[in-house]
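Right, one structure below, let's go through it.
The values are calculated or read from the model by the stated rules, or taken from the named source; none is laboratory data. Computed from a predicted model, the values in this text were never measured in an experiment. Cβ atoms come from the backbone with ideal geometry, glycine included; neighbour counts cover every protein chain shown. Accessible surface is based on the protein model in full, side chains and every heavy atom, while ligands, DNA and RNA are left aside. Shrake-Rupley method; radii C 1.70, N 1.55, O 1.52, S 1.80 Å.
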Amino acid sequence: MKQLRRENIRFWQGNEACAEAAVIAGCKFFAGYPITPASEIAEHLAERLPQVGGVAIQMEDELASIGAAVGASWAGFKAMTATSGPGFDLMQETIGWAFMTETPCVIVDVQRLGPSTGQATKCGQGDVMQSRWGTHGDYSSIVLSPNSVQEMFELTIKAFNLAERYRTPIILLADEIVAHMREKIVIPIAKNMEVINRKKPEPYEKAFFGLQDIPPMPAVGEGFNVAVTGSTHDAYGIRFTADAQEHRQLVERLNNKIQSQAEKLADVETYKIDDCEIGIVSFGCTSRAIYEAVEKAEAKGLKIGYTRLRSIWPFPEKIVRQLTETAKKIIVPEMNLKQIFYEVQRVSNGRADVIPLNKIGGGELITPEELLEKIEESA
Amino acid sequence: MSKSFSVKKYLRPLLLPFCSGCGGITVMSEFLRAANELGYEKLDKFVFCSGIGCSSWIPSPHFVADSVHTLHGRSIPVATGIKLMRPDLHVIVFGGDGDIVGIGLSHFIHAARRNLDILVIMVNNMIYGMTGGQVAPTTPFKAKTTTTPYGSFEYPLDAAKLAVTAGACYVSRWTTAHPKELKDSIKKALRMQGFRFIEAVSQCLTAYGRRAGFKDSWEMLKWFKEKAIPIESAEVMSEKALTGKIVVGEFVRRKRPTLVETIYRTIKEAQK
Ligand SMILES: Cc1ncc(C[n+]2csc(CCOP(=O)(O)OP(=O)(O)O)c2C)c(N)n1
Ligand code: SF4
């Protein structure tokens with residue numbers, strides 16, 4: 001892209017930033033189904049992908065959208081779909097299939113306010129646990145959570161890179177606020193943006209589903225006679241549904257390739273976590289309130305620190321534990337009825353007093369004032 | 001075409017999962033015969049997609065080829081992603097009637113509407129075979145199944161007719177009692193573009209036939225032969241006269257712009 005030779009300043013909407021980032025990351029296929037507040041991603045890619053020789057198509061539902069994306073990935077191309085809660089529900093079975101078949105792809109869930117149709121156009125953060133445990137069976141997910149338009153851009157590129165690197169579906173867990181707001185963003189110079197591509201097999205290789213933590217991935221039509229299946233399979237893709245050991249080995253490897261990298265995958269912004277009395281753990285749009293609240297609390301002489309999660313799953317345990325070791329109180333503001341809260345409580349293991357701050361309804365954000373009030377209450 | 005042709009050249013040395021006498025075996029071998037007669041020494045220009053069900057095991061992992069075994073009902077969306085990104089490959093979908101026109105029906109209709117360039121071969125055994133014989137959208141009226149112990153109170157779907165209405169370029173129906181016609185139809189479809197649908201009415205003694213009163217698979221094949229009415233004759237028959245019959249033959253053969261053509265034309269225009 002010509003315009004990317006120099007650093008570029010843009011004034012973009014979050015969803016637009018996500019779509020542009022996908023193009024830069026090398027996405028060549030998008031399939032989606034309209035849903036607020038994610039539709040702009042589909043609309044933008046419908047315009048942009050054909051310009052770079054890619055395909056964007058509106059499917060008949062979300063089951064088809066994610067299915068087509070997984071198919072495109074096996075055709076050898078980077079693929080994405082984007083939706084919101086109700087569509088994310090429908091995608092869960094295929095997310096499990098993509099996990100089991102080790103298919104790189106990016107699934108954007110722009111969270112809105114559920115359950116069910118709830119307040120469909122309003123913001124919520126209620127899909128945190130769904131993004132971890134949504135599909136059936138023993139599974140691990142990698143989930144990223146942007147809190148600005150800039151991060152919609154950066155984390156979309158990162159999502160594609162992680163998908164290719166780990167050969168697994170990656171979930172970008174955005175929310176209505178971040179997706180719909182417009183902000184200034186800085187697009188880095190093209191050569192400063194890392195783009196990772198999947199490891200392809202050598203012509204003699206045959207084990208595309210085992211023998212190493214992250215096996216190489218052929219595409220269909222390359223002469224490898226690849227057998228892809230969501231049934232328990234051996235390293236060569238041949239299904240093995242009677243052997244307990246074969247299942248254990250496969251599913252443990254699939255989980256382990258993610259869980260063993262938890263520390264490396266942890267992506268957090270921290271502030272004074274080694275020297276604070278009150279800590280905050282926050283993510284997504286809610287975390288936008290922490291800066292002002294912290295500034296004001298500090299002006300009042302309070303010693304405060306925070307961990308802002310840019311990656312949610314695997315839960316960045318180590319860094320959150322660090323906070324629980326210094327802070328006596330930890331506030332967890334979320335626009336749901338306690339989802340990350342219990343994770344922090346688990347990691348804290350009684351060391352710190354974990355205090356929830358929850359707000360749902362109307363898409364109303366937790367304000368810096370409300371957070372400050374909670375900080376002062378806890379002090 | 002050598003006389004000593006064996007379908008084994010296309011198969012991995014694995015045990016087939018089908019009951020003996022299963023019609024799925026006929027569909028499998030007629031497909032491979034068709035590929036052989038068309039001169040495909042290997043299946044490397046093909047990608048096979050299937051869902052979940054006995055019939056979905058036909059290509060995967062048995063064919064020495066790329067095979068993508070998807071979820072129950074989702075083979076057509078996955079085939080869509082593959083075909084759109086690799087238009088040079090022949091994408092073939094195998095599935096049961098439950099898979100293709102039960103849980104996956106919406107994808108089937110939309111793929112035909114879009115004229116997606118794939119061939120869908122549906123093994124219609126009129127039952128959910130793999131799960132042990134529950135009623136399917138294709139089960140004949142009054143037939144006893146495990147979930148309709150008093151006989152089915154629903155009327156079956158005519159998938160071939162539906163495919164015609166939805167926009168398919170090629171639609172045929174044969175039965176496993178018509179292996180030559182089935183094979184010729186597959187050959188014809190493999191040489192065409194656009195959405196192609198072949199319905200193979202097939203015997204499943206295990207999950208359907210026994211409960212319906214058939215002694216063996218031969219009896220079921222005899223039943224297919226007796227009930228089969230060529231589409232040309234069916235056209236002048238009343239609905240009543242056609243009840244319980246199996247209309248066989250070519251339902252449609254036509255040309256329409258295919259999805260691959262229209263999408264890639266759009267991409268060209270966008271790049272101007
Ligand atoms: C979402 C989902 N629902 C249900 C099932 C269980 N299931 C497996 S195969 C099948 C039906 C098989 O019937 P059909 O597709 O006609 O194929 P056949 O076995 O008769 O060839 C069902 C319901 C499943 N695997 N996934
Ligand atoms: S249950 Fe029926 S469809 Fe399945 S393998 Fe046996 S005969 Fe074939």
Top-ranked residue of the stretch B:71-87 - restricted to ones that are away from ligand 2 (no atom under 16 Å from the Cβ) and more than 7 Å from every other protein chain (Cβ to nearest Cβ), ranked as surrounded by the most Cβ atoms within 10 Å (Cβ to Cβ)
B:Ile76
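Can you tell me how many residues in the stretch B:1-56 are away from ligand 2 (no atom under 13 Å from the Cβ), assigned to a loop (DSSP other than H, G, I, E, B), of a type outside the set (Gly, Ala, Ser) and open to solvent by 60 Å² or more (accessible area, probe 1.4 Å)?
So the first thing to find is which residues in the stretch B:1-56 are away from ligand 2 (no atom under 13 Å from the Cβ), and the list is B:1-14, B:29-51.
This time we only want the ones that are assigned to a loop (DSSP other than H, G, I, E, B), so: B:1-6, B:12-14, B:38-45, B:51.
Adding the requirement that they be of a type outside the set (Gly, Ala, Ser) leaves B:1, B:3, B:5, B:12-14, B:38, B:40-45.
Next cut, open to solvent by 60 Å² or more (accessible area, probe 1.4 Å) only: B:1, B:3, B:13-14, B:41-42, B:45.
Residues meeting the conditions: 7.
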Within the stretch B:100-133, track down each residue that is within 9 Å of ligand 1 (Cβ to nearest atom), within 22 Å of B:Leu84 (Cα to Cα) and away from chain A (no Cβ under 13 Å).
B:Ile100, B:Met122
Scanning the stretch A:339-379 for residues that are part of a loop (DSSP other than H, G, I, E, B) and surrounded by fewer than 16 Cβ atoms within 10 Å (Cβ to Cβ), which turns out modelled with the lowest pLDDT?
A:Ala379
Criterion violated by A:Arg239 - all others in (1) crowded, with 18+ Cβ neighbours inside 10 Å; (2) at pLDDT 95 or above satisfied
(2)
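Criterion first (facing chain A (nearest Cβ under 9 Å) and within 19 Å of the chain's Cα centre (by Cα)) does B:Pro140 satisfy it? Before the answer, list the steps.
On the way: facing chain A (nearest Cβ under 9 Å): no; within 19 Å of the chain's Cα centre (by Cα): yes.
It is false that B:Pro140 is facing chain A (nearest Cβ under 9 Å) and within 19 Å of the chain's Cα centre (by Cα).
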Tell me the residue from A:Gly26, A:Gly118 that is within 14 Å of another protein chain (Cβ to nearest Cβ), open to solvent by 20 Å² or more (accessible area, probe 1.4 Å) and either farther than 30 Å from B:Ile52 by Cα or touching a Leu at 6+ places or on another chain (Cβ under 6 Å) (or both), please.
A:Gly26
Can we say B:Pro59 is within 16 Å of ligand 2 (Cβ to nearest atom), assigned to a loop (DSSP other than H, G, I, E, B) and open to solvent by 20 Å² or more (accessible area, probe 1.4 Å)?
no
Counted residues, the stretch A:216-267 - those being more than 14 Å from chain B (Cβ to nearest Cβ), of a type in the set (D, E, K, R) and not in a helix (DSSP H, G or I)
2
Does any residue in the stretch A:17-31 that is without any contact (Cβ under 8 Å) to a residue 60 or more places away in the chain come within less than 7 Å, Cβ to Cβ, of a residue that is in a strand (DSSP E or B) and of a type in the set (Lys, Arg) six or more places away or on a different chain, and which pairs are these?
A:Lys28/A:Lys78
B:Gly244 is checked against (1) more than 16 Å from ligand 2 (Cβ to nearest atom); (2) surrounded by 16 or more Cβ atoms within 10 Å (Cβ to Cβ); (3) away from every other protein chain (no Cβ under 14 Å) and fails just one. What number does that condition carry?
(2)
Among the residues of the stretch B:102-115, is any within 16 Å of ligand 2 (Cβ to nearest atom), assigned to a loop (DSSP other than H, G, I, E, B) and open to solvent by less than 20 Å² (accessible area, probe 1.4 Å)?
no
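Considering each of B:Val64, B:Val120 in turn, give the residue that is in contact with a Phe, Trp or Tyr (Cβ under 7 Å, 6 or more places away or on another chain), away from ligand 2 (no atom under 16 Å from the Cβ) and open to solvent by 10 Å² or more (accessible area, probe 1.4 Å). Steps first, answer last, please.
Details: B:Val120 fails: open to solvent by 10 Å² or more (accessible area, probe 1.4 Å).
Checking each option against the conditions leaves just B:Val64.
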Can you find a residue in the stretch A:90-99 that is open to solvent by 30 Å² or more (accessible area, probe 1.4 Å) and not in a strand (DSSP E or B)?
yes
Is there a residue being free of Cβ contacts under 8 Å to residues at least 24 places away in the same chain and surrounded by 15 or more Cβ atoms within 10 Å (Cβ to Cβ) anywhere in the stretch A:197-204?
yes
Quick check on the stretch B:265-272. Is at least one of its residues under 24 Å from B:Leu157 (Cβ atoms) and basic (Lys, Arg)?
no
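Within 7 Å of chain B (Cβ to nearest Cβ), farther than 18 Å from B:Phe48 by Cα and at pLDDT 95 or above: does that describe A:Glu60?
Values: within 7 Å of chain B (Cβ to nearest Cβ): yes; farther than 18 Å from B:Phe48 by Cα: yes; at pLDDT 95 or above: yes.
It is true that A:Glu60 is within 7 Å of chain B (Cβ to nearest Cβ), farther than 18 Å from B:Phe48 by Cα and at pLDDT 95 or above.
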